[in-house]
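Accompanying notes for the structure given below.
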Amino acid sequence: MIPNVCNYEKSEIVDLLLREEYGYLPAAPLSVKAELVERDKKFCAGKADLEIYNLVCECDFGSFSFPIRVAIPKKDTPVPAFVHINFRPEVPDKYQPTEEIIDAGYAVLSFCYKEVTSDDGNFTDGLAGLVYPEGKRDPDSCGKIGLWAWAAMRVLDYALTLDSIDPSRISVTGHSRLGKTALLAGMLDERFYCGISNDSGCSGASIARDNDGETVKKIVDRFPYWFCEKYYKYSDNEDAMPFDQHFLVAANYPHRVYVASAEGDAWACPKNEFLSCTLAGEFYKKHGGVGFIHNGKMPECGKPIVGGDVGYHIRKGSHYQSREDWKYYIEFLES
C-alpha cells in the first residue's frame, strides 16, 4: 500500500527522506562569493550577457569553488530565472536552449554537475573530498545527489544577490538524475519558486511501488553512490518503505513543483510520475493550496497540466530534455 503523505508534516517528510534515501547534506556555507572569469556582451545577438563565474563557498569544512554560467536578458526590470543543473558546461547546450529561454524573458544560471563532484563512487573527488576527507561516509550521510543539490542551493545564494533577477521567481530544474537533484534541492530550500523535474523516474518523481521501469534494486545496484547507504535495504523491498516518491514531490511545498515525462521513456515509468503528482497534490490541498488540477487520467502528449501548485506534462519522444519541455515549464510558471 502506498503511504499517505497527508499523514505527515513537511518537517517529518524532509527528515524521513534524508534519513532513509538521500542522506543528510553538509551545512550551508558561511559565505558565497562570485569571481568573474569571462564575459561575452554579444551573447544571443546582444540580447543578454553571458558571464562565467567561479563561485567560492567558504564552509566550516573548508573552501570549495565551482564554475557557473549566467545568462540574463537585458531588461529594465528584474526577470525570473532558472537554476539549471546540467550534464555539460556548454551554453547553449542540447539540454539548455538558452536563447529560447532568454527570449521568453527568463535568466538561466547553469552549472555542470561533474564540476562539483564526479558521478561515481569516488568520494575523494571535488566537494565530496572536502565533506568526506577520507572518502568514507556514515550510513545516513548524503551521496552524490545530495552534494549536487547542495551546489544548486549555492547558485541560488548568488542569484539572490543580483538586482537583475526577481528573487521571488527563481526555479530549479534538471533532467534524469539531475531531475531527482532538482526536486531534492526544491524540497530543502523554500526560497525556490518551483522545483522542476524532467524524466527523473525511479528515486525521483516516480512512485517506486508497482513500477514498470527502473526499480530501487536496479538503481542502487548501478548507482549506490547517489544515495545514502541506508536506502539499499529497500532493494526488492519497496513495500517496506515508510514513504514513496510522492513524498519528495509534496515536500516541495510551500512553493510550486512540476514533473515532466516522455512517452517513450518507459524506464522512468510516466504513469507513476503522474500518480506521484496526483498524490502530492492532495498534500498541497490539505495545506490550503490548489493542488494538482486533473481529471484522474494521464493527459495527452503536448497538453500540460498548469494552473495549480503541482504541474505535469508528457510529450512524445524519449529520455531527453528538449525545447518542448522548457516551453511547458515556462507555460506552467506563467500560469
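The values are calculated or read from the model by the stated rules, or taken from the named source; none is laboratory data. Keep in mind that what you see is a predicted model, and the values were worked out from it rather than measured. Heads up, the Cβs are rebuilt from the backbone with ideal geometry, glycines too, and the neighbour counts pull from every protein chain shown.
Looking at the stretch 191-239, which of the residues that are touching an Asp or Glu at 6+ places or on another chain (Cβ under 7 Å) and basic (Lys, Arg) is farthest from Asp119 (Cα to Cα)?
Here the answer is Arg209.
Quick check on this structure: which one of Ala27, Ala34, Ala45 is small (Gly, Ala, Ser) and surrounded by 15 or more Cβ atoms within 10 Å (Cβ to Cβ)? Steps first, answer last, please.
Working: Ala27 fails: surrounded by 15 or more Cβ atoms within 10 Å (Cβ to Cβ); Ala45 fails: surrounded by 15 or more Cβ atoms within 10 Å (Cβ to Cβ).
Just a single option satisfies the conditions, and that option is Ala34.
Which condition number does Arg19 fail, the rest of (1) under 30 Å from Val220 (Cβ atoms); (2) of a type outside the set (Phe, Trp, Tyr); (3) crowded, with 19+ Cβ neighbours inside 10 Å being met?
Every listed condition holds for Arg19 apart from (3).
Output the residues belonging to the stretch 42-89 that are farther than 18 Å from Trp148 by Cβ and outside any strand (DSSP E or B).
Scanning the stretch 42-89 gives Lys42, Phe43, Cys44, Ala45, Gly46, Lys47, Asp60, Lys74, Lys75, Asp76, Thr77, Pro78.
Which one of these is in contact (Cβ under 8 Å) with a residue 24 or more places away in the chain and touching a helix residue (DSSP H, G or I) at 6+ places or on another chain (Cβ under 6 Å): Glu21, Glu58? Walk me through it before giving the result.
On the way: Glu58 fails: touching a helix residue (DSSP H, G or I) at 6+ places or on another chain (Cβ under 6 Å).
Unique residue meeting the criteria: Glu21.
I need the full set of residues from the stretch 270-307 which are touching a residue at least 40 places away in the same chain (Cβ under 8 Å) and either crowded, with 16+ Cβ neighbours inside 10 Å or within 13 Å of Asn252 (Cα to Cα) (or both), in order please.
Filtering the stretch 270-307 down to residues touching a residue at least 40 places away in the same chain (Cβ under 8 Å) leaves 270-277, 279-280, 282-283, 286.
If the condition is that a residue be touching a residue at least 40 places away in the same chain (Cβ under 8 Å) and either crowded, with 16+ Cβ neighbours inside 10 Å or within 13 Å of Asn252 (Cα to Cα) (or both), then Pro270, Lys271, Asn272, Glu273, Phe274, Leu275, Ser276, Cys277, Leu279, Ala280, Glu282, Phe283 are the ones that fit.
Does the stretch 179-197 contain at least one residue that is surrounded by fewer than 21 Cβ atoms within 10 Å (Cβ to Cβ), in contact with a Lys or Arg (Cβ under 6 Å, 6 or more places away or on another chain) and at pLDDT 95 or above?
The answer is yes, given that some residue of the stretch 179-197 is surrounded by fewer than 21 Cβ atoms within 10 Å (Cβ to Cβ), in contact with a Lys or Arg (Cβ under 6 Å, 6 or more places away or on another chain) and at pLDDT 95 or above.
Where residues in the stretch 210-235 are more than 18 Å from Gly23 (Cβ to Cβ) and in contact with a Cys (Cβ under 7 Å, 6 or more places away or on another chain), which of them is surrounded by the most Cβ atoms within 10 Å (Cβ to Cβ)?
Asn211
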